[in-house]
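Okay, structure first, notes after.
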Amino acid sequence: MKVEKNNNSIFRNKHVLVVVAVMCIFTIIACMGFMLSVPAHAEENIAPKTEPIAFSTPIETVNELDKAFPITETSEEAQEEITTAEVESSDAAEPEPRIETAEAAIEEAEPKPETIPDNLNDNELEIYTALRSAGLSKAGTAAVMGCMSMESGLKASAENPSDGGYGLLQWTYSRKTDLFNWCYGNGYDPNTVTGQVMFFVYELNSTYSKAAKYSYPVHETLTTSDSLEDCLSMFFSHMEAGTNVIISSRKVYAGGLTTLDLYRKRLTAAYKYFICIRRKSQ
């Protein structure tokens, strides 16, 4: 019986050893399989060791800059002023949006009719309308009307018995002949304001302009300049009184008056019309 018990014990021990050995073999195989499953480049994913960053500016220099330029804190009042200023600047920089409408666009595109001065008499109004329609500026119109008022009192029938001057601008000699011939040839009456103003515009364009090879830009000045003095001096010196008539206190022109006297009288008359035209047109 003892022999059988011993044999059974030995058999059990051997069985246990076999089981243990098999488990060890499986464990070894599992470990080898795990090791083989790890990629060969796994080591590359390991973060490399970082070296401390070397600053280009030494810490001593940084400390010196901090001492030289200390950072100061802004007080609450100063900060409030800065914020208010920024808000105001932002509001000023953003203009209110303009609302465009079809009616507003049409109104801006259409030229506004000029307001006609209502304190001119019929004669003056007819001359003013004709000159402005011919393209003269407000200053140019006033300058010509000032000269006409001194020459003829703005009367188309005015005639000077001494030299035969006739009409609004007292045309004489060949220019007087041209006045009648041109008016008759173009369907105008040379004895009317309309006929004489239209002849004046014809002269201005065809003779007294740079386009007509005239030496002085009379037409260009009267149609573009806003200066009453420039318009008057150009018209008086290079069309009304002749060609290149110097305005001077030493040059006696007519009736014992110098060209400066005549110019000043015309300037006074022209200013009356200029103020009237500008005040009503504003």
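No value in this document is a laboratory result; all are computed from the given coordinates. Because the structure is a prediction, the values reported are computed rather than measured. Ideal geometry is used to build each Cβ from the backbone, glycine not excepted, and the neighbour counts take in all protein chains shown.
Assorted remarks:
- A straight chain from Asn186 to Ala211 at 0.36 nm per residue would run longer than the Cα-Cα distance by 6.8 nm.
- Footprinting exposure proxy for Phe200, Phe180 (fewest neighbouring C-beta atoms within 10 Å first): Phe180, Phe200
- Segment Tyr271-Asp230, length gained on full extension (0.36 nm per residue, minus Cα span): 13.5 nm
- Cross-link pairs Lys155/Lys265; Lys138/Lys265; Lys155/Lys213 - those with Cα-Cα distance over 27 Å: Lys155/Lys213
- Per-residue HN-Hα couplings for the range 140-153 [Karplus 6.51, -1.76, 1.60; θ = phi - 60°; Hz; x = Gly/Pro]: x, 5, 5, 5, 5, 5, x, 5, 4, 5, 7, 6, 9, x
- Net charge contributed by nearby residues that have their C-beta within less than 10 Å of Ser209 (K/R +1, D/E -1): 0
- For Asp189, the residues whose amide H sits under 5 Å from its own are Gly195, ignoring neighbours fewer than 5 places away on the same chain, with H placed 1.01 Å from N.
- Other residues lying with their Cβ under 14 Å from the Cβ of Leu169 contribute a combined charge of -2, Lys and Arg counting +1, Asp and Glu -1.
- Extended-chain gain in nm, criterion 0.36 nm per residue less alpha-carbon gap, Asn121 and Thr194: 24.8 nm
- Sequence-distant residues sharing a close amide H with Tyr253 (under 5 Å, placed H): Thr258, Thr259
- Dmax and Rg, reported as Rg then Dmax, of the range 171-277 (C-alpha, Å): 14.8, 44
- Taking a Cβ cut-off of under 12 Å around Thr192, the surrounding Lys, Arg, Asp and Glu residues balance to a net charge of -1, with basic ones at +1 and acidic ones at -1.
- Burial ordering of Thr224, Thr243, fewest other beta-carbon atoms within 10 Å first: Thr243, Thr224
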